[in-house]
Amino acid sequence: MFKMTRRAAIVSLAALSLTAGAATPAFAQDKLTFTLATSGSETDQRSVAMANVFAPMVASFADYRPGYNGTLFAQGTELEAISRGNLTMSIASAQEMAQFFPEFSIFATGYVHQDAAHQVRVFNDPLMDAFKAKAEEELGVKLLSVMYLGRRHVNLRQSRDELNVQTPADLAGVNLRMPGTDSWQFLGKALGAAPTPMAFTEVYTALSTGAVDGQDNPLPTVVDAKFYEVTKQIALTSHLVDLNYIAFSKEAWDGLSADQQLTVQRAADAAAAYGRLKQLDKENNLADFIRSNGVEIYTPDLDAFRSHVQAQYVGSEVAATWPDGVLDQINALGN
Ligand code: KDO
């Protein structure tokens, strides 16, 4: 699993030549190339939004080159690649940002964001300014916009007859795949499970062989990655209303004209807005399809999950990294 301390990132940012690949043309008249790395598939709504909305909007001055399924950079290594000048863009998670700046874990904490609109209000609120500034100044990564991934639920190989998940106690000993960073693993434990770190691209095989008991992701991901083929149940825990940031190289950004910067910002916002609507639509309409493939979907005791998860964060090392007052500010932006 990739893990880099903030200090190491800062050192590498300072020490390495930043001319490598961020978005620099050989000649002034050349088009720029914006390379994006994601562990998501080409059919993932965030990828679709970038290809169908972002790319055309910047096409007059930049070619958009996406690399899907972790083929350009493995999941969790994209931010470092941007920081080193080897990549222009990624679809980054708050959990990945927290590898460099632990306070980003607040945006990766269970039952904090309430819905997609809440994510947008939080991202655009002045409370984000200090987070964004730190990412730019210390990592060389500009967070352009917030994308909606969706409500993450617990998705297991066992049938409900074998394991009926009502409370966190029912997940005791369940080997739940979570992505490989500290924030994810903390959340997996907070849910009551025994989390196993694993890259997204390995999850289907691990579910089909039984190397893990389950995974957590929103319904659109369960369909896109065909996890419904190798699992039997989904407990709608909604433990994380998950987001991603459209992350952009600060070096590449600084090389753009003011007009181009405005266009890139607008294109990112438009792609995020388009993707959000598509993802929400899918999230609301996929349950029947998943059920028709033999996966039982049901709602557990949400109060039990929420109170247990929140209790794990209170007084934790994770919560100690959150700047004073930010949780209250986030909550105040909720419904
Ligand atoms: C995952 O690994 O479970 C996750 O959902 C984490 C997200 O942050 C995001 O990276 C996503 O995978 C990938 O884009 C694949 O959908």
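The numbers here are math on the coordinates, done by the rules we state, and not lab data. This is a predicted model, so every value here is computed, not measured. Cβ placement follows ideal geometry from the backbone for every residue including glycine, while neighbour counts extend to all protein chains displayed.
Structure notes:
- When peptides 311-321, 271-281, 126-136, 96-106 are sorted by average Cβ neighbour count within 10 Å, with the highest value leading, the order is 96-106, 271-281, 126-136, 311-321.
- Of ASN52, ASN175, ASN244, the one that fluctuates the most in a GNM where the chain has Cα springs shorter than 10 Å: ASN52
- Over segment 33-186, relative contact order from alpha-carbon pairs under 8 Å, at least 6 apart, %: 22
- Cut-off under 5 Å, modelled amide H: who pairs with VAL112 long-range: VAL241
- Per the Cα gyration tensor, segment 230-281 maps to an equivalent ellipsoid with semi-axes of 34, 13, 8 Å, ordered largest to smallest.
- Relative contact order for the chain, counting Cα pairs under 8 Å that sit 6 or more residues apart, in percent: 26
- Among ILE246, ILE330, the order by Cβ neighbours within 10 angstrom, fewest to most, reads ILE330, ILE246.
- Neighbour-count order for ARG152, ARG266, fewest beta carbons within 10 angstrom listed first: ARG266, ARG152
- Pairs of lysine residues in the chain - Cα separation under 14 Å, sequence separation of 8 or more or cross-chain: 5
- Farthest positive-ward along the chain dipole, Cα basis, beta-carbon charges - from TYR68, HIS113, ALA332: TYR68
- Proportion of all alpha-carbon pairs of the chain beyond 29 Å (%): 36
- For the chain, calculated [θ]222 nm from helices alone, where every DSSP H run of n ≥ 4 adds -39500 (n - 2.57): -10500 deg cm²/dmol
- For segment 110-123, backbone phi angles converted through the Karplus equation (6.51, -1.76, 1.60; θ = phi - 60°) give residue-by-residue couplings of x, 6, 9, 6, 9, 6, 5, 5, 4, 4, 5, 4, 5, 4 Hz, Gly and Pro being listed as x.
- Most fluctuating residue given options PHE248, PHE54, PHE289, as computed from a GNM of the chain linking Cα atoms under 10 Å: PHE289
- Sorted by Cβ neighbour density within 10 Å, fewest at the top, the residues GLU202, GLU283: GLU202, GLU283
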